[in-house]
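Heads up, the thing below is written out as structure tokens.
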Amino acid sequence: MFDCLLLLSPVLLFLPLVIPVPPPGNASPAPCRRCCDDLKPQEGPPAPQTGDQKSGLNQIPEVRTFINMTILKGDKGNRGDRGTPGKSGEEGAPGSQGPMGSKGTKGQAGPPGDPCKTQDTAFSVGRRKSLHSVDYYQALVFDTEFVNLHGHFNMFKGKFYCYVPGIYFFNVNIHTWNFKETYLHIMRNDKEQAIVYAQPSERSIMQSQSLMLPLELNDEVWVRLYKRERENAVYSDDVDVYITFNGYLIKPTLE
């Protein structure tokens, strides 16, 4: 062991030791001057020294790092997925009514309606027998049916009943009897609307009357014979039809 220490001692003797030695007493170290500074010492009391100067250590300046983010900004990324919809908010109060818009253009015509719902009615009836009036007022009854849509004409009473209100056209044709008066009215309910008249004559003639009437629901239209002092009669036979009564709807009230 002693031999080992002898071998290491020369190495230890030649190691330089640097030990800071403070100046003797309380004397402050001389300030450092440059060669170009004035060598004349500063007059007046020396400037106070800071703690670092008293300790003989130089103060290290503070270093703050500043990063320019605009230089480090990367490329724009892809658009993210759409998020889930949020909850519906509370229903707001209704707004005020807006101004009326301008009138639109006329639309195209619609398809034809259901034939079953078409409003129409018509009749055409005749009489093959002659008739002498026996009462002052007598309804003219018919025995031959040509047309009777929907059965609106009652053959037993000789009356047309209105089931479709609107404007109607009516026509009656009769044949007079020789030497006998012919006096008839086209009636609406119990009110005379038009007359068919022929004075007694040696010759029999055909007489006709036509008119249009506005009818309401359940109105009745019929032909009435009117007897005065003279005999009232109309002529017909089994071979030809001389007496006819016709009517049809022109325009319904509600379309």
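The values are calculated or read from the model by the stated rules, or taken from the named source; none is laboratory data. What you are looking at is a predicted structure, and each value in this text was computed from that prediction instead of being measured. Every residue, glycine among them, receives a Cβ derived from its backbone with ideal geometry; neighbour counts consider all protein chains shown. Areas reflect the complete protein model, heavy atoms only, side chains present, ligands, DNA and RNA absent. Shrake-Rupley method; radii C 1.70, N 1.55, O 1.52, S 1.80 Å.
Can you pick out the pairs among Lys191/Lys251; Lys180/Lys227; Lys159/Lys180; Lys129/Lys159; Lys129/Lys180; Lys106/Lys251 whose Cα atoms lie more than 20 Å from each other?
Lys191/Lys251; Lys159/Lys180; Lys106/Lys251
With q set to 0.17 Å⁻¹, the log10 of I(q)/I(0) for the stretch 143-208, from the Debye formula over equal scatterers at the Cα positions, is -0.77.
Maximal additional length on extending the Phe156-Glu220 stretch stands at 21.7 nm, based on 0.36 nm per residue less the C-alpha distance.
Can you pull out the trypsin sites (Lys or Arg not before Pro) in the stretch 130-219 that DSSP calls coil and that have at most 11 other Cβ atoms within 10 Å? Working shown, then result.
On the way: sites: Lys157, Lys159, Lys180, Arg188, Lys191, Arg203; in loops: Lys157, Lys180, Arg203.
Within the stretch 130-219, the qualifying trypsin sites (Lys or Arg not before Pro) (loop, at most 11 other Cβ atoms within 10 Å) are Arg203.
What the pair-distance distribution of the stretch 122-252 shows, using all Cα-Cα distances binned every 10 Å from zero, is 13, 46, 31, 9, 0 percent. Amide H contacts of Lys159 (H built 1.01 Å from N, in plane; Pro and chain starts excluded): Asn154 sit under 5 Å, all sequence-distant by 5 or more or on other chains. The stretch between Ser130 and Arg228 holds 33.4 nm of extra length on full extension. This uses 0.36 nm per residue minus the Cα-Cα distance. Shown for the stretch 152-236: the carbon plus sulfur share of the solvent-accessible area, taken with all protein chains present and a 1.4 angstrom probe, equals 48%. A simple spin-label model places pseudo-atoms 7 Å from Cα toward Cβ; at Glu202 and Phe169 they are separated by 3.9 nm.
Averaged per residue, the stretch 122-252 has 52 square angstrom of accessible surface, using a 1.4 angstrom probe with ligands and nucleic acids left out.
Put a dot 7 Å past the Cα of Ser96, heading toward its Cβ, do the same for Met212, and the two dots end up 5.1 nm apart.
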